[in-house]
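S.K.: Sharing a structure here in structure tokens format.
Coordinate-derived values only; no laboratory data. Please read all numbers here as calculations on a predicted model, not as lab measurements. For neighbour counting, all protein chains shown are included, and Cβ atoms are generated from backbone atoms with ideal geometry for every residue, glycine included.
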């Protein structure tokens, strides 16, 4: 049941990001890159940070460690960011497709972007990836709301009920 729940959570994660992306697509490029009271200084910076994290954690789960986050300047706009992000969502879905409950307890050894070594059970990493995304979506949605581009509700229950 754990593996199936992780698949649901990652499907939820993609669904919730899509709702945010629908609002972000309406934001002009200047406002998209404008410095704001956000974790990564702008909508663009925050999205690239989140995309980087999802890429890096997948790499770690597959036995590779990445030494750096993506540079926001390497992505011209939201469209190029989203184009790069879509295969990451697909790769997560492929990775999780045949995941078993037993594999969820497997310990993943990895190095963080500062070169420090850590070990965590896969299930904790998977939970973290979804939680990390939820944290940053919760930072973005009030900004988008105040800009006049509110998102549809992002609660898990709406996902499960498909509201």
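S.K.: Consider the candidate values [x] 16.0, 47; [y] 15.2, 51; [z] 17.2, 50; state which one is Rg and Dmax of the Cα atoms in Å computed from the structure displayed.
M.R.: It is the value labelled [x].
S.K.: Quickly estimate the mean residue ellipticity at 222 nm for the chain, helices only: each DSSP H run with n ≥ 4 gives -39500 (n - 2.57), and the total goes over all residues, rounded to 500.
M.R.: -20500 deg cm²/dmol
S.K.: For 80, 68, what ranking results if the residue with the fewest other Cβ atoms within 10 Å of its Cβ goes first? Could you put the intermediate results ahead of the total?
M.R.: Numbers: 80 11, 68 8.
Ranking 80, 68 by Cβ neighbours within 10 Å, fewest first, gives 68, 80.
S.K.: Can you compute the modelled spin-label distance between residue 158 and residue 35, with each label point 7 Å from Cα toward Cβ, in nm?
M.R.: If labels sit at residue 158 and residue 35, their model points lie 3.2 nm apart.
S.K.: Against the longest alpha carbon principal axis of the chain, how many degrees, from 0 to 90 and to the nearest 10, is the axis of helix 122-146 turned?
M.R.: Between helix and principal axis, roughly 10 degrees.
S.K.: So if R0 is 30 Å, what FRET efficiency would residue 68 and residue 102 give, r being the distance between their Cβ atoms, rounded to the nearest 0.05?
M.R.: 0.40
S.K.: Counting pairs of alpha carbon atoms under 8 Å apart in space and at least six apart in sequence, what relative contact order in percent does the chain give? Please list the in-between numbers first.
M.R.: Numbers: 167 pairs, mean separation 54.3, N = 163.
Reported relative contact order: 33 percent.
S.K.: How much length is gained on full extension from residue 135 to residue 8, taking 0.36 nm per residue of separation minus their Cα-Cα distance?
M.R.: 43.9 nm
S.K.: Let me ask something else about it. So how do 61, 50 line up by other beta-carbon neighbours within 10 Å, fewest first?
M.R.: By the 10 Å Cβ count, ascending: 61, 50.
S.K.: In degrees between 0 and 90, to the nearest 10, how far off the longest principal axis of the chain does helix 2-24 point, with axes built from Cα atoms?
M.R.: For helix 2-24, the angle is close to 10 degrees.
S.K.: What is the ratio of the Cα radius of gyration of the stretch 63-130 to 2.2 N^0.38 Å, where N is its residue count, to two decimals?
M.R.: Normalised Rg, Cα atoms only: 1.32.
S.K.: Hey, fewest Cβ within 10 Å first, where do 30, 11 land in order?
M.R.: 30, 11
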